[in-house]
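K.L.:
Next up is a structure, given as structure tokens.
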Amino acid sequence: MSTDRYVSPLSERYASREMQYIFSPDMKFRTWRKLWIALAETEMELGLSQNGRPVITQEQIDEMKEHAEDINYEVAKAREKEVRHDVMSHVYAYGQQCPKAAGIIHLGATSCYVGDNTDIIVMTEALRLVKKKLVNVIAELADFAEKYKDLPTLAFTHFQPAQPTTVGKRATLWAQEFCLDLEDLDHVLSTMKLLGSKGTTGTQASFLELFDGDQEKIDQIDPMIARKMGFEKCCPVSGQTYSRKVDTRVCNVLAGIAASAHKMSNDIRLLQHLKEVEEPFEKSQIGSSAMAYKRNPMRSERIASLSRFVMIDALNPAVTSATQWFERTLDDSANKRLSIPEAFLATDGILDLCLNVVDGLVVYDKVITKHLMSELPFMATENIMMDAVKMGGNRQELHEKIRKLSMEAGANVKREGKDNNLLELIAADPSFNMTQEELVKTMDPSRYVGRAPLQVRKFLEEVVSPILEENQQLLGFKAQINV
């Protein structure tokens, strides 16, 4: 680790090695060379010739393939200092290793042929890694929801006590948002297309010259390159670059995942404050430098922190897309080098943290029950009132009495710090004709969770199970977090 210059915490602290490799120089420049090989092969297979002689030979292709992986970085770096152009520096460096092929590398192409196609390839690989981790987050939440589908808990609206739900049902709300993100991710993945080889302004004019105006051969160039690089299609039309709206769509998917993770992490932080649920806390972990007893939800806080970064970062490609001039302008380049990799690296860190937190969530069922029971008498008043009406009471009169008794019990709790004594107050009122023992029997929390357990089962069976079955080959991933 360098200690005398800035090092991105996304690499040092948050993102996995797998995601870091996808955005590494090795991945980038090896992909450039694969693209140059694909272009040269395509031109050779289409019979590119001059005066009846082939312009590109198999010997040249073989030489290029021999050096597809061993990038001579020092040569490229020295050359770039001279010419101030990264693509031409790497064309030169590749040519130094491939003297027989040096003259045909990058033939007919512009810089965006390697730059933009590589960006699409890299983003596609990164989306696949994001998908793998996202599917596993959904699977972890499904296991958690199944385990706790029947455990009643106090639900909140406006963070005020409302009707009960179950711990498992709440987890399905988190899982559902991630399922929506997966739908968006799958859609974007299915539409990823290479730029292809379109030339300086997207007209393929250079290839029209190379192939002596043979339109049929030129029509085959992009599909052949796409197949060689593992894609189905290239953009049907373009300027010099692929539409920067693609970057916007990709980052919007990542921002959606970040929003879902942020919401879940906020809920977990609030539940940890209530001492109902707790994220993993290791034996030697320190919660506070001053307060030794503290167990801060630091991983959930980190999820929220990184998520805010990704959501805001998504504005970058949107603005870049909106401000491109005609067929090409270069004010996208520096921004893309930062905004796209960092969005992926941060999202990768977020999902690793989500996997770690959900996998180790601790549920304190006795605290949950205690909190629920302290509020349940208020929520049971409608049932109590109906039971009293069945025994001859007047619904309107009983409603007013319950309203007043609830206010009195609420004042005892909030002003006096006493326990909720609503049941005692109701039992003492002869209008209800019910003993305290009879009232206590109505306090079974499972009576008040509605269809929550059934909703969990149906959601897992009808929504989550098909997702997990379809993506079975991605399951079983376990995250490692650095700090």
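The values are calculated or read from the model by the stated rules, or taken from the named source; none is laboratory data. The model shown is predicted, which means the values in this text are computed figures rather than measured ones. All Cβ positions, even for glycine, are placed from backbone atoms using ideal geometry, and neighbour counts span all protein chains on display.
K.L.:
Are any of the residues in region 35-50 of a type outside the set (Phe, Trp, Tyr), outside any helix (DSSP H, G or I) and within 30 Å of the chain's Cα centre (by Cα)? Spell out how you get there, then give the answer.
P.N.:
So in region 35-50, the residues of a type outside the set (Phe, Trp, Tyr) come out as 35, 37-50.
Of the ones still in play, those that are also outside any helix (DSSP H, G or I) are 46-50.
Applying the additional criterion that residues be within 30 Å of the chain's Cα centre (by Cα) yields none.
No, that holds for no residue.
K.L.:
Another question, if that's okay. Can you confirm whether residue 119 is crowded, with 20+ Cβ neighbours inside 10 Å, part of a helix (DSSP H, G or I) and among the charged types (D, E, K, R)?
P.N.:
Numbers: crowded, with 20+ Cβ neighbours inside 10 Å: yes; part of a helix (DSSP H, G or I): yes; among the charged types (D, E, K, R): yes.
So residue 119 fits the description; yes.
K.L.:
While we're here: For residues that are of a type outside the set (A, V, I, L, M) and not in a loop (DSSP other than H, G, I, E, B), scanning just region 1-15, find the one that is farthest from residue 479 (Cα to Cα). Don't jump to the end; show me each part of the working.
P.N.:
Taking region 1-15 as the starting set, the residues that turn out to be of a type outside the set (A, V, I, L, M) are 2-6, 8-9, 11-14.
With the extra rule that they be not in a loop (DSSP other than H, G, I, E, B), the set shrinks to 9, 11-14.
Details: 9: 18, 11: 16, 12: 16, 13: 14, 14: 11 Å.
Only one residue tops the list, namely 9.
K.L.:
Further question on the same structure: Mind listing whichever residues of region 279-315 are modelled with pLDDT of 95 or more and farther than 15 Å from residue 483 by Cα?
P.N.:
304, 307, 308, 309, 310, 311, 312, 313, 314, 315
Residue by residue, here is whether (1) farther than 22 Å from residue 162 by Cβ; (2) surrounded by 12 or more Cβ atoms within 10 Å (Cβ to Cβ); (3) touching a residue at least 12 places away in the same chain (Cβ under 8 Å) holds:
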site	(1), (2), (3)
379	no, yes, yes
383	no, yes, yes
386	no, yes, no
395	yes, no, no
399	no, yes, yes
416	yes, no, no
424	yes, yes, yes
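K.L.:
So the check is Cβ under 9 Å with 6+ separation or different chains; which pairs have a first residue in region 255-281 that's over 26 Å from residue 312 (Cβ atoms) and in contact (Cβ under 8 Å) with a residue 60 or more places away in the chain and a second one that's among the polar types (S, T, N, Q) and in a helix (DSSP H, G or I)?
P.N.:
So the pair list comes out as 278/272; 280/356.
K.L.:
Are there any pairs, at least 6 apart or on different chains, whose C-beta atoms fall under 9 Å, with the first in region 182-208 and touching a residue at least 12 places away in the same chain (Cβ under 8 Å) and of a type in the set (Val, Ile, Thr) and the second surrounded by fewer than 18 Cβ atoms within 10 Å (Cβ to Cβ) and assigned to a loop (DSSP other than H, G, I, E, B), and if so, which?
P.N.:
Going by the 9 Å Cβ cut-off, the qualifying pairs are 200/327; 200/328; 201/326; 201/327; 201/328.
K.L.:
Quick check, is residue 18 touching a residue at least 12 places away in the same chain (Cβ under 8 Å), over 22 Å from residue 97 (Cβ atoms), among the charged types (D, E, K, R) and part of a helix (DSSP H, G or I)? Talk me through it step by step, then tell me what you get.
P.N.:
Numbers: touching a residue at least 12 places away in the same chain (Cβ under 8 Å): yes; over 22 Å from residue 97 (Cβ atoms): yes; among the charged types (D, E, K, R): yes; part of a helix (DSSP H, G or I): yes.
Yes: the conditions hold for residue 18.
K.L.:
Follow-up question, since we're still on this one. Check residue 318 against each of (1) more than 24 Å from residue 264 (Cα to Cα); (2) at pLDDT below 95 and name the one condition it does not meet.
P.N.:
Residue 318 satisfies every listed condition except (2).
K.L.:
Then there's this: I need the full set of residues from region 309-331 which are under 18 Å from residue 202 (Cβ atoms), assigned to a helix (DSSP H, G or I) and out of contact with any helix residue (DSSP H, G or I) (no Cβ under 7 Å at 6 or more places or on another chain), in order please.
P.N.:
330
K.L.:
Can you give me the ranges of the helices (runs of 4 or more DSSP H) entirely in region 389-483 with at least 2 residues that are farther than 21 Å from residue 155 by Cα and under 28 Å from the mean Cα position of the chain (by Cα)?
P.N.:
Numbers: elements: 395-416, 422-427, 436-441, 452-459, 465-470.
Helices (runs of 4 or more DSSP H) meeting the threshold: 465-470.
K.L.:
Checking residue 404 against (1) modelled with pLDDT under 90; (2) of a type outside the set (S, T, N, Q); (3) out of contact with any Ser or Thr (no Cβ under 9 Å at 6 or more places or on another chain); (4) loosely packed, with under 14 Cβ neighbours inside 10 Å, which test does it fail?
P.N.:
(1)
K.L.:
Among the residues of region 333-377, write down those that are over 30 Å from the mean Cα position of the chain (by Cα) and without any contact (Cβ under 8 Å) to a residue 24 or more places away in the chain.
P.N.:
The answer is 366, 370.
K.L.:
Which one of these does residue 108 not meet: (1) touching a Gly at 6+ places or on another chain (Cβ under 8 Å); (2) in a helix (DSSP H, G or I); (3) among the small types (Gly, Ala, Ser)?
P.N.:
(2)
K.L.:
Return the pairs, sorted by first residue and then second, in which the second residue is among the β-branched types (Val, Ile, Thr), the first residue lies in region 81-103 and is in contact (Cβ under 8 Å) with a residue 60 or more places away in the chain, the beta carbons are less than 6 Å apart, and the residues are 6+ apart or on different chains.
P.N.:
94/105
K.L.:
So which helices (runs of 4 or more DSSP H) stay within region 135-250 end to end and still have 2 or more residues that are surrounded by fewer than 18 Cβ atoms within 10 Å (Cβ to Cβ) and under 17 Å from the mean Cα position of the chain (by Cα)? Explain how you work it out, then say what you get.
P.N.:
Working: elements: 167-190, 205-210, 215-228.
The qualifying helices (runs of 4 or more DSSP H) are 167-190.
K.L.:
Among the residues in region 67-79, are any touching a Lys or Arg at 6+ places or on another chain (Cβ under 6 Å) and aliphatic (A, V, I, L, M)?
P.N.:
Yes, that holds for at least one residue.
K.L.:
When you look at residue 84, is it surrounded by fewer than 16 Cβ atoms within 10 Å (Cβ to Cβ) and farther than 21 Å from residue 206 by Cα, yes or no? I'd like the intermediate steps shown before the answer.
P.N.:
Values: surrounded by fewer than 16 Cβ atoms within 10 Å (Cβ to Cβ): yes; farther than 21 Å from residue 206 by Cα: yes.
So residue 84 fits the description; yes.
K.L.:
Inspect all residues belonging to region 73-80 and state whether any of them is under 41 Å from the mean Cα position of the chain (by Cα) and closer than 30 Å to residue 347 by Cα. If you could, list the steps in order and put the result at the bottom.
P.N.:
Taking region 73-80 and keeping what is under 41 Å from the mean Cα position of the chain (by Cα), we get 73-80.
Restricting the remaining residues to those that are closer than 30 Å to residue 347 by Cα gives 73.
Within region 73-80, one or more residues are under 41 Å from the mean Cα position of the chain (by Cα) and closer than 30 Å to residue 347 by Cα.
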